[in-house]
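The next block holds one structure in the form of structure tokens; read it before the comments.
The values are calculated or read from the model by the stated rules, or taken from the named source; none is laboratory data. Since this is a predicted model, take the numbers as computed values, not measurements. Cβ coordinates were reconstructed from backbone atoms using ideal geometry, including for glycine residues, and neighbour counts include every protein chain displayed.
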Amino acid sequence: MLEQPVFGQRLRALRVKQGLSQAALAGDGMSTGYLSRLESGARRPTTRVVTHLAERLGVPTSEFEAPANGENGHPAVQTSSLAHLLAAVISGTPDDELGETLAEALRTGDRWDAALRWQALWLLAQLRDGQGRHEEEHSLLTELTQLSDELGTPALRARARTQLSRCARLLGDNAAARDHALQASRVTDDLSVADRAGVLHALVSAEAELGLLVEARTHADELSALTAPTGGPLRVEALWAAATVRIRQGDHTGAQEVLEQALQSLDSRQDLTLWVRLRLAAASLYLQITPALTDRAQVYLDEVAPALDLVGTELHHQQLLTLRAHLAFEQGRLDDARAVCEQIDEQALLLSFRDRIRFRALCGRLSILGGDRDGGIQTLQHLAEQAQEARNAELAAEIWRTLAETLARGYEPVEAKSPRRTATRTRR
């Protein structure tokens, strides 16, 4: 009988070397949960299990007895194994378990070719972004940026810093986001239009969040001019950025014109994921306009819902739920807004810093209108302070304005609450 934890360590090393996920290795012969316990050393393998796994891996059973450690005490995974794993990630549908396999390979393989490691970090950062795991994404992109500097390739340096800028903004560190974008802009002279557009887009977004609206508008105009001849997704992203800046400047008419141009410029068959993201963004912007354009927001949310079943990530689904809560509030359906907020509260929040602050602000407004005046006020005050600490004066001002408007609106009459909601609270 092979002993644990040596068997589990060797099994994991062999699986990672061949670029296989746990599900792919387990096949129909065992559950992934059982395989995971084998790899962790929690279960001892039987002779039948060892034979099954050896056949799946295409190795003799003696391979499980070979030493698993390399020079630095880590499983000796070779460069070719990373290439195989990267091919599996690139060629397949994004998969959480395959992502964990890639993360494990990165942790244990410190002798890989630098260019292959760059690709692995890039792909894993993209997976973490789609999962809303932005703290992990930031760590990966920080390493990616350092590796890009070592490789010295301008395009890689610009791309790494552009993504790091975007991630920092999503985490609420807008000053760092602008700094990363400015550093990226210094190496873009001879790069492609796509790379230069990506850097400008990151710069516009960071400056808009910091309230540097003159600078953001200047860079947005530069981005529009750069992408005008290209059309396609690059042009759509540029128009989206321009609309966002105009919203922040209070130019709602101009924002609507640019946003509608972006929406009409993109067919879902060109890029379904971008089509989804753009409609979610459009609904969000229309709900932020004063007065909110609820009918248009409703149309875009209804359009996007079926597409999420095809390309939507967990983050996209959470964004849709959040926007439905905002829409219900703006339409005066406060109980519906509360129900959706409670549904979101049961999940791990994956939203960006701005969206998270605005969602929590909505919860605070509902608390005040429901009678919890002190609790709601405290929530909104704390959120405004968070926005101020992130140097986002525009967002902080929005929260303070929201607090004032909510207090002026008064409380929700008891008789306006639905019988179902009242009964539920009585039982508690």
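Taking the conditions exactly as written (out of contact with any strand residue (DSSP E or B) (no Cβ under 7 Å at 6 or more places or on another chain), of a type outside the set (S, T, N, Q) and on the phi > 0 side of the Ramachandran plot), does Gly132 satisfy them or not? Let's see the steps before the verdict.
On the way: out of contact with any strand residue (DSSP E or B) (no Cβ under 7 Å at 6 or more places or on another chain): yes; of a type outside the set (S, T, N, Q): yes; on the phi > 0 side of the Ramachandran plot: yes.
Taking the combined requirement at face value, the residue satisfies it.
Does the stretch 228-245 contain any residue that is within 22 Å of the chain's Cα centre (by Cα), among the hydroxyl-bearing types (Ser, Thr, Tyr) and within 22 Å of Arg161 (Cβ to Cβ)?
yes
Give all pairs with beta carbons closer than 7 Å in which a residue from the stretch 246-257 that is in contact (Cβ under 8 Å) with a residue 24 or more places away in the chain meets a residue that is among the small types (Gly, Ala, Ser) and not in a helix (DSSP H, G or I); count only pairs at least 6 apart in sequence or on separate chains.
none
Count, please, the residues in the stretch 219-234 that happen to be β-branched (Val, Ile, Thr), in contact with an Asp or Glu (Cβ under 9 Å, 6 or more places away or on another chain) and surrounded by fewer than 17 Cβ atoms within 10 Å (Cβ to Cβ).
Total meeting the criteria: 0.
Tell me yes or no: at least one residue of the stretch 189-199 is in contact with a Cys (Cβ under 6 Å, 6 or more places away or on another chain), among the acidic types (Asp, Glu) and assigned to a helix (DSSP H, G or I). Walk me through it before giving the result.
Narrowing the stretch 189-199 to residues in contact with a Cys (Cβ under 6 Å, 6 or more places away or on another chain): none.
No, the stretch 189-199 has no match at all.
Take Arg420 and tell me if it is more than 23 Å from Val276 (Cβ to Cβ), surrounded by 13 or more Cβ atoms within 10 Å (Cβ to Cβ) and at pLDDT below 90. Break it down into steps so the answer makes sense when it comes.
Details: more than 23 Å from Val276 (Cβ to Cβ): yes; surrounded by 13 or more Cβ atoms within 10 Å (Cβ to Cβ): no; at pLDDT below 90: yes.
No.
Would you mind stating whether Leu321 is surrounded by fewer than 19 Cβ atoms within 10 Å (Cβ to Cβ), out of contact with any Asp or Glu (no Cβ under 9 Å at 6 or more places or on another chain) and of a type in the set (A, V, I, L, M)? Write out each step before concluding.
Numbers: surrounded by fewer than 19 Cβ atoms within 10 Å (Cβ to Cβ): yes; out of contact with any Asp or Glu (no Cβ under 9 Å at 6 or more places or on another chain): yes; of a type in the set (A, V, I, L, M): yes.
Yes, satisfied.
Search the stretch 134-154 for residues being free of Cβ contacts under 8 Å to residues at least 24 places away in the same chain and more than 16 Å from Ala184 (Cβ to Cβ), and hand back the single one that is nearest to the chain's Cα centre (by Cα).
That would be Glu136.
Does any residue in the stretch 229-245 that is at pLDDT below 95 come within less than 7 Å, Cβ to Cβ, of a residue that is charged (D, E, K, R) six or more places away or on a different chain, and which pairs are these?
Close Cβ pairs (under 7 Å, with a partner that is charged (D, E, K, R)) amount to Pro233/Asp271; Val245/Arg217.
Test of understanding: among Ala176, Ala181, Ala120, which residue is more than 13 Å from the chain's Cα centre (by Cα) and at pLDDT below 95? First the steps, then the outcome.
Numbers: Ala176 fails: at pLDDT below 95; Ala181 fails: at pLDDT below 95.
The conditions single out Ala120.
Only one of Ala206, Ala155 is touching a Lys or Arg at 6+ places or on another chain (Cβ under 6 Å) and part of a helix (DSSP H, G or I); which? It would help to see each step written out before you state the result.
Working: Ala155 fails: touching a Lys or Arg at 6+ places or on another chain (Cβ under 6 Å).
On inspection, the qualifying residue turns out to be Ala206.
Within the stretch 203-214, how many residues turn out to be surrounded by 24 or more Cβ atoms within 10 Å (Cβ to Cβ) and either hydroxyl-bearing (Ser, Thr, Tyr) or out of contact with any Leu (no Cβ under 9 Å at 6 or more places or on another chain) (or both)?
Initially, the stretch 203-214 is screened for residues surrounded by 24 or more Cβ atoms within 10 Å (Cβ to Cβ), giving 203-209.
So of that shortlist, the ones also either hydroxyl-bearing (Ser, Thr, Tyr) or out of contact with any Leu (no Cβ under 9 Å at 6 or more places or on another chain) (or both) come out as 205, 208.
Looking only at that region, the number is 2.
For the stretch 342-361, give me each residue that is surrounded by fewer than 21 Cβ atoms within 10 Å (Cβ to Cβ), of a type in the set (A, V, I, L, M, F, W, C) and in a helix (DSSP H, G or I).
Ile344
Among the residues of the stretch 293-322, how many are outside any helix (DSSP H, G or I), free of Cβ contacts under 8 Å to residues at least 60 places away in the same chain and either among the aromatic types (Phe, Trp, Tyr) or within 23 Å of Leu349 (Cβ to Cβ) (or both)? Walk me through how you get there before you give the answer.
Of the stretch 293-322, the ones outside any helix (DSSP H, G or I) are 293, 312-313.
Of the ones still in play, those that are also free of Cβ contacts under 8 Å to residues at least 60 places away in the same chain are 293, 312.
From the residues that got through so far, the ones that are either among the aromatic types (Phe, Trp, Tyr) or within 23 Å of Leu349 (Cβ to Cβ) (or both) too are 312.
Here the count works out to 1.
Here's the yes/no breakdown for (1) under 26 Å from Asp195 (Cβ atoms); (2) touching a residue at least 60 places away in the same chain (Cβ under 8 Å):
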residue	(1), (2)
Leu210	yes, yes
Ser224	yes, no
Leu263	yes, no
Asp271	yes, no
Ala325	no, no
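Would you confirm whether any residue within the stretch 152-165 is surrounded by fewer than 18 Cβ atoms within 10 Å (Cβ to Cβ), over 25 Å from Ser139 (Cβ atoms) and at pLDDT below 95?
Start the filter on the stretch 152-165 by keeping residues that are surrounded by fewer than 18 Cβ atoms within 10 Å (Cβ to Cβ), which leaves 152-155.
After this cut, where a residue has to be over 25 Å from Ser139 (Cβ atoms) as well, the list is none.
No, the stretch 152-165 contains no residue that is surrounded by fewer than 18 Cβ atoms within 10 Å (Cβ to Cβ), over 25 Å from Ser139 (Cβ atoms) and at pLDDT below 95.
Give the stretch 255-283 a look and list any residue that's of a type outside the set (Asp, Glu) and not in a helix (DSSP H, G or I), or say none.
Of all residues in the stretch 255-283, those of a type outside the set (Asp, Glu) come to 255-256, 258-259, 261-266, 268-270, 272-283.
Answer for the stretch 255-283, where residues must be of a type outside the set (Asp, Glu) and not in a helix (DSSP H, G or I): Leu266, Ser268, Arg269, Gln270.
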